[in-house]
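These notes are about the structure you will find just below.
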């Protein structure tokens, strides 16, 4: 998991490089992808990727999610608006669901439905991130909420960029929050009883992000006032509670 996480972190860091042009970031991302392909068929000059290749083979991890993650990072370089939810869903899959698909072979799972659990959970987590980070994303001229939803609730891009908190925004956020909840529910329906204990880490993350979504609701969706987070103390408490539950039950 450390190796997989290091790959994901490095891929994300390429896009987040300060003082680098978009062109340079794309070039670096292309080189990173080229080295990944090389290590999967032969070897690379990058030790991390060589170690990743060993783990992919050891745990029989599908290769495509690693390339999809890179493509998701490219989307962040090339797009700062999303016309429809289908476009946004594709982005969420590539930057979040892929991480779950890389991880579940390492955790160990028995049922094919767990793949759908990972996909839906990733989308739910990323949607929750997007709702929490509306203000900070707007400061970088990024709007992830679909344009079709903005039109539906008569709320404009300019209002997001200017942090306008009004009734239309509240209704928009209610709609988006319910959508995130729906993907959490879809994930739950696809997680079999016998796979719950092996996916403790994913379940703990799910509970933390569901709490985050609840906090957004409790603040009446005012994500402009302050950044809403779950404290480290509560994260530890939630994680220990999930661990204790599964340890006692399984």
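The values are calculated or read from the model by the stated rules, or taken from the named source; none is laboratory data. The structure displayed is predicted, hence computed values, not measured ones. Cβ placement follows ideal geometry from the backbone for every residue including glycine, while neighbour counts extend to all protein chains displayed.
Quick notes on this structure:
- Scope region 183-209; condition within 30 Å of residue 151 (Cβ to Cβ) and in contact (Cβ under 8 Å) with a residue 12 or more places away in the chain; matching residues: 183, 184, 186, 187, 209
- Helices (runs of 4 or more DSSP H) within region 114-218 that include 2 or more residues in the same structural domain as residue 228 (by TED's automatic domain parsing) and closer than 16 Å to residue 89 by Cβ: 147-152, 167-189
- Matching residues in region 67-93 - criterion: being under 20 Å from residue 36 (Cα atoms) and not in a helix (DSSP H, G or I): none
- Number of residues in region 1-52 that are surrounded by fewer than 12 Cβ atoms within 10 Å (Cβ to Cβ), over 21 Å from the mean Cα position of the chain (by Cα) and in a helix (DSSP H, G or I) equals 5.
- Test: residue 138 is in contact with a helix residue (DSSP H, G or I) (Cβ under 6 Å, 6 or more places away or on another chain), surrounded by 15 or more Cβ atoms within 10 Å (Cβ to Cβ) and at pLDDT 95 or above: yes
- Single unsatisfied condition, residue 95 versus (1) more than 26 Å from residue 196 (Cα to Cα); (2) surrounded by 15 or more Cβ atoms within 10 Å (Cβ to Cβ); (3) in contact with a helix residue (DSSP H, G or I) (Cβ under 8 Å, 6 or more places away or on another chain): (1)
- For region 189-201, a residue qualifies if it is modelled with pLDDT of 85 or more and either within 12 Å of residue 104 (Cβ to Cβ) or touching a helix residue (DSSP H, G or I) at 6+ places or on another chain (Cβ under 8 Å) (or both), and the qualifying residues are 190, 191.
- Residue count for region 53-66, restricted to those that are assigned to a helix (DSSP H, G or I) and within 16 Å of residue 94 (Cα to Cα): 3
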